[in-house]
Amino acid sequence: MGLTGSGKSSFIRHCVGNNGIEIGRGLASCTKDVQIHSYKHSDSIEVNLIDTPGFDDDSLTDADVLEKISGYLKESYDRKITLNGLLYLHRITDNRMQGSSMKNLAVFKKLCGPDALHHVTFVTTMWDKESESCREEFEGREKELLTDNKFWATMIQPHGACTGRHNNTRQSAMDLLARFIQQPESTVVTDLQRELVDDKLRLDETAAGKVVMSGINKAAERAEKELRGNKEAREDLASAAREEKAAHKAEQEADTAELEAQWAELLAEKAELEAKLRKLKEQEEKLRKAEMESSKRWNCYFRVGCVLAVGSGAAVAAVASGAAVAVPVILKDTILVAAQLAMQLATEENETAAT
């Protein structure tokens, strides 16, 4: 067992000597199901190696992976086929134990149970990548794995789990299997097998199942929280859009109100100008009528003047000759009436002009 890319398929190919076993070279996992590979170790011993998908598989959920592994373990236990041991592979090239590594290790620990750990070997792989520059770093990581209680220490010291290195050679693979081959009668039953077969628990009720479900529940909670966050973000955006729309509408209404006020002001100015124009026209009409009346009166003055001229012609001639001329009484009366009429007309014209 181990994460995708930890070297499980490569290890099996070295043991079996079958170049047909697919080995993952990229990011995708090549082991999708539990696969059994056998080889003849001797005339009396046949070794069966069970390759399992990793819990960080790119196309399977953790629940799917556990279901596949538990399905094989349950069926083999029902058929009285037991395991001789378990190998857990880990890349020494990983500079730290990531979340998927810790989760995989936690599931493996619960799957085995404390009684099965003395049949477990923790194997570090990729030692063929070691160089002088990184040897000290690799050894430091190995020491941390073996001594830190967060990793393998609690399964090694009190429960008897073993450790080893795989150098990507057939010899190192055979050395790791030797422990189990030398004691073929020593078998082990895992806690997951007992829980499924003897206790008849559902997979999600087993210790390993609870670890996986816990991870799934946490992932669901994170997803739900993210969805809520996205929903709140969408609501905030919608609220901001509504506020912006309302502000834009208010601005438009304010602009419209201002334009309407300006239009009303223009209409009022227009009405005022029209009133002034009507008044000017009325004044112009009054002036025209006054001029016509004045013209009539001056015509009257002219006629009176003619009468006076005719009536006083003799007197004027007499005055011009230096003779004493007596002005008739009727002429005096006519001159007086004309003078009074002229004064009256002048007074009326002055009043009209003032108006």
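List of remarks:
- When Gly99 is tested against (1) under 46 Å from the mean Cα position of the chain (by Cα); (2) under 21 Å from Ser10 (Cα atoms); (3) open to solvent by 50 Å² or more (accessible area, probe 1.4 Å), only condition (2) is not met.
- Of all residues in region 120-139, those that are assigned to a helix (DSSP H, G or I) and open to solvent by 40 Å² or more (accessible area, probe 1.4 Å) total 6.
- Checklist (1) touching a residue at least 40 places away in the same chain (Cβ under 8 Å); (2) under 24 Å from Arg170 (Cβ atoms) applied to Lys129, failing item: (1)
- Residue selected from region 29-38 under the condition open to solvent by 20 Å² or more (accessible area, probe 1.4 Å) and of a type outside the set (D, E, K, R), by the criterion farthest from Leu83 (Cα to Cα): Cys30
- Residue ID - modelled with the highest pLDDT, chosen from residues in region 77-119 that are among the β-branched types (Val, Ile, Thr) and either assigned to a helix (DSSP H, G or I) or within 24 Å of Asp204 (Cα to Cα) (or both): Val107
- Per-region count, region 33-66, residues touching a strand residue (DSSP E or B) at 6+ places or on another chain (Cβ under 7 Å) and among the aliphatic types (A, V, I, L, M): 5
- When residues of region 1-12 are limited to those that are in contact with a Lys or Arg (Cβ under 9 Å, 6 or more places away or on another chain) and open to solvent by 20 Å² or more (accessible area, probe 1.4 Å), the one modelled with the lowest pLDDT: Gly5
- Tally of residues being part of a helix (DSSP H, G or I), without any contact (Cβ under 8 Å) to a residue 24 or more places away in the chain and open to solvent by 60 Å² or more (accessible area, probe 1.4 Å) across region 171-220: 7
- Residues that are surrounded by fewer than 17 Cβ atoms within 10 Å (Cβ to Cβ) and more than 27 Å from Ile181 (Cα to Cα), drawn from region 45-92: Asp58, Ser59, Thr61, Ala63, Asp64, Glu67
- Checking Lys286 against (1) farther than 30 Å from Ala106 by Cβ; (2) among the charged types (D, E, K, R); (3) within 39 Å of the chain's Cα centre (by Cα), the condition it does not meet: (3)
The values are calculated or read from the model by the stated rules, or taken from the named source; none is laboratory data. Quick caveat, the model's predicted, so the values are computed rather than measured. Note that each Cβ is placed from the backbone with ideal geometry, even for glycine, and that neighbours are counted across all protein chains shown. These accessible areas exclude ligands, DNA and RNA; they are computed on the full protein's heavy atoms, side chains included. Shrake-Rupley method; radii C 1.70, N 1.55, O 1.52, S 1.80 Å.
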